[in-house]
Amino acid sequence: MRSYSISFKFLATIILFSGLFHSCTSPSFYEKTYEFNKTMSTGHFAEAEKMIEEHKDLEESKIRFLYFVNAGLIEHLNGEFEKSNEFFEKAEEFVEMDKKKVVEEGAALLVNPKLSTYRGEDHEILLINYYKALNYYLMNNLEDALVEVRRMDLSMQKLSEKYKSETKYKEDAYMHLLMGFVYEADGNHNDAFIAFRNAYDIYEKVYQKEYGVFAPEQLKYDLIRSAHMAKMREEQVEYETLFKMKFDPTKEKESSVIVLWNNGMGPVKEEWGINFVIMRTGGGWITFVNKEFGLSFPFYAGDNDLNGMAWIKVVFPRYVERKEVFTSASILSDSANYNFEIAENLNKISFKVLNERMLLEFGKGLLRVALKQVAAQKIGESQDSPALGAALSIAASASESADTRNWQTLPHSMYYTRVPVSSGDQELTIQLKGQTVEGHDRVLKVNTKPGQTILYPFWSLAAQEPVTLNRAK
């Protein structure tokens, strides 16, 4: 386990400065943005757009990434696809160009992580290309949609290079699915087959174990179908045998509509705290120990005794789920029902991405608390005032706060189904169902040409309240 040592040259200033900032009683980011989240979940997108426009100053703030992606999503939902991509491009440019500032990051480490600029989680950044690809497709710009899905593929390759662990989030099956859909819509069945095969492999090797999401039955059929369309007879037979499915081209209709259902809203972050016992192991070393979670962090404190403390409480961020209101859906077409299957659980991916770095979060949080407590003790000693040191110690504890920022308007999960249709004008009825809601049908009107594949994304952002929001006190 990594150990830490400290310098006290400027900690007096830091400890005094930190008392002026956020305390652990400050509201979470979700609580601060509750009205915006409520407006989005109830489908009042024009009102949400007005909220965004009234806070244009956030374009230069420490949460500008979240401002850009939320604005991009709102414009996407309003059908302003070009305007949506302008915001997503700003978010992308920020991610690629903005460099961490040593002073800012140092202050965040020593005082409060909320002082840092929010740069997005890995899955949040990847979804920028997802929305841009959809926007270009919906603007009938297949060429640029293909550019975005290829960039999405490159981003996933970079994640694979960044993380060597097999359990890290670095491969996204749903993104490969989208690639396959766009390739198919462009008539490129060879690349569509490769994308579908990659998606299937990720479901089999990663998704079912890590997120409980299995390869959709529709994907298996799409894999066989794309092999047939690409004249890959050997691969077609291989997957027909594996899946115990047969592709019968005579039963195919002229066209297809692939409906992407973006359902609910993703999790939010809350603040929580755990206690660490302080064990003094001699030679100036202390160890922070939490037996419940099996955590142990050594720390070199020298002759500083942390004011004789026996334990400390450290706060961290954790995700809280917002459960889906609609739990299933199907499409009625020509008296036939086509059920949606889950293809992506962003809720579980969010939890995993944060959990994967929790040891790092624990280490940084403990170091921050220890530095503040040592600084308080030093100031008290320099002023020959134990009472002052004790007061600053309390102020240091009060200034502890977790970073609860995240992209909260992402869907909880994504589902899809393929509906075979005849060419020409068609009406499809989307039927949404939930445990406490019924009768939320939507009519989808489409017009297809023979042999054409159409993508249609639709949204239902209704979400339950977070299960808990018990912030550390």
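Computed from the coordinates by the stated procedures, all read-outs in this text should not be read as laboratory data. Keep in mind that what you see is a predicted model, and the values were worked out from it rather than measured. Methodologically, a virtual Cβ is constructed for each residue, glycine included, from the backbone with ideal geometry; neighbour enumeration extends over all protein chains shown.
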Violations at 21 Å Cα threshold for listed pairs Lys269/Lys352; Lys158/Lys220; Lys83/Lys132 -> Lys158/Lys220
Taking the highest mean first, how do the peptides 279-286, 202-209 order by number of other beta carbon atoms within 10 angstrom per residue?
202-209, 279-286
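As an exercise, find the ratio Rg/Rh for region 250-299 from alpha-carbon atoms, using the Kirkwood inverse-distance average for Rh.
That ratio equals 1.61.
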Charge context of Leu146, other residues only, Cβ under 14 angstrom, K/R +1, D/E -1
-4
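Please compute, over every Cα-Cα pair in region 163-290, the percentage with a separation greater than 17 angstrom.
Every Cα pair in region 163-290 considered, those over 17 Å come to 69 percent.
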Mean Cβ-within-10 Å packing, highest first, puts peptides 237-250, 143-156 in the order 143-156, 237-250
Distant-in-sequence amide H partners of Thr429 (H built 1.01 Å from N, under 5 Å):
Leu332, Leu444
